[in-house]
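The values are calculated or read from the model by the stated rules, or taken from the named source; none is laboratory data. Keep in mind it's a predicted model, so treat the numbers as computed, not measured. Here the Cβ is made from the backbone with ideal geometry for all residues, glycine too, and neighbour counts use every protein chain on show.
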Amino acid sequence: MKCKILILIVFPIFVIFSCTEDYGSLPEINSMTFVVNGCITDEDGPYRIQLFEDVVKGHKVESLPVLDARLTITDHLGNCDELKPLWKEQIVIVEVDSEKGYFYNLYYLLMPKYDGSYDSLLLNFNNAVEFHGIYYTTSTVGKPNGIYTLDISHKSQFFSATDKMPFPSVLDSVVLRNDGKHIDGKETDTFDVPYLYFKKPEHLENYFLLTHKKYNWHPMWGVPIPQTAKFEDVLLKSSQRPWNTWNYDVVSDRFMSSYVSGFKLTGATSSPLISGTDEGFLEGIDSWTFADFYLVSVSRQVSLYYQALSDQFYQDGGTFSPAPSTPPTNLSNGAQGFFMAASVDKKRVVRERYQR
């Protein structure tokens, strides 16, 4: 019963929420919710916004990409950018020699960059269906202290959201420490727990979203080392369903020193039994060889949103728990999800056994 309740509550995980209110009943059959997922960062553009509609059919929720919306992003200087549909861009096929006597094809979607070049986005299928409902910017430049407003028109509906990008923090290093904890009581299997060292801005109160992306790679495989992904890549991939883990920590620096010397990152998972534990963060301990860690500076309203989502993993709505509520959104007109502006710093860490 607990799992069913959690799934119904968190079904679009990063993007379902509206004004905060308790759930009084299950979603109305055949009801439809407009959902937004995306961000502007101080990393290089273009930036992507994902739109879809969640339709409740019986006890299932079907997500349908929105293919006919008009999106604009306006900054505090009055610059206006009309976004384009990503799935309509050119697809190229690259023939790869496996060095074993046969060839196979890889499919890439070419996303135009501001300088006239392209980002090559690997397709999991032979078409762009996985990018349906994703729109990209053509000129927006994300800068700290900038204010960005997203406006969406879809059929006869209009939605809007605004967020201000905080000043960045500097992620100096990430250190993996063996805390002496064991997996299932086995003395040979211990945790490499990550600790973050960073300097925070010296003004007001700052809020951080901490996340990571793990890779399973070995030099003997003879394949190129993956490049460090942009934060928005992690965000968009994390919002796809089904989800395996909840890989976000959200913290305030209210009680932190100006230099944070070793913040222990644990995260949480979709399993309420190990959420927030070392086991939760490093679920599948031997399935990764290196990882990228992201220190994302966000606004207070973003931190409240992610904190509310995190809390839902600890609340099952039962007799002795408060009924989970939908996280607060910055979107208007009943839309759910979130549009954020965030500054990003990141570091890659290789586990010691794989360093050369």
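Just name the residue that is surrounded by the fewest Cβ atoms within 10 Å (Cβ to Cβ) out of those in the stretch 127-152 that are assigned to a strand (DSSP E or B) and hydroxyl-bearing (Ser, Thr, Tyr).
Thr149
Take Ser120 and decide whether it is among the small types (Gly, Ala, Ser), part of a strand (DSSP E or B) and without any contact (Cβ under 8 Å) to a residue 60 or more places away in the chain. Reasoning before the result, please.
Values: among the small types (Gly, Ala, Ser): yes; part of a strand (DSSP E or B): yes; without any contact (Cβ under 8 Å) to a residue 60 or more places away in the chain: yes.
In short, yes.
When you go through (1) under 25 Å from Thr41 (Cβ atoms); (2) surrounded by fewer than 13 Cβ atoms within 10 Å (Cβ to Cβ); (3) at pLDDT 85 or above one by one for Asn124, which number turns out not to apply?
Just one mismatch for Asn124, condition (3).
Just to be sure, is Thr72 over 21 Å from Asn333 (Cβ atoms) and of a type in the set (Val, Ile, Thr)? I'd like the intermediate steps shown before the answer.
Numbers: over 21 Å from Asn333 (Cβ atoms): no; of a type in the set (Val, Ile, Thr): yes.
When the stated conditions are applied, Thr72 does not pass them.
What are the residue pairs meeting all of these: first residue in the stretch 75-90, first residue in the same structural domain as Thr41 (by TED's automatic domain parsing), second residue among the polar types (S, T, N, Q), Cβ atoms under 6 Å, and 6 or more apart or on different chains?
Short answer, once both residue conditions are applied: Cys80/Thr72; Cys80/Thr74; Asp81/Thr137; Asp81/Thr138; Asp81/Ser139; Asp81/Thr140; Glu82/Thr72; Leu83/Thr137.
Mind listing just one residue for me: the one in the stretch 253-279 that is of a type in the set (A, V, I, L, M) and surrounded by 18 or more Cβ atoms within 10 Å (Cβ to Cβ) and, of those, modelled with the lowest pLDDT?
Ala268
Please return the ranges of strands (runs of 3 or more DSSP E) entirely within the stretch 16-73 where 1 or more residues are at pLDDT 95 or above, under 24 Å from Asp163 (Cα atoms) and among the basic types (Lys, Arg).
Numbers: elements: 32-41, 48-57, 60-65.
Passing ranges, in order: 48-57.
Tell me, which residue of the stretch 280-306 that is within 15 Å of Ala342 (Cβ to Cβ) and in a helix (DSSP H, G or I) is modelled with the lowest pLDDT?
Restricting to residues being within 15 Å of Ala342 (Cβ to Cβ) and in a helix (DSSP H, G or I), the top hit is Tyr306.
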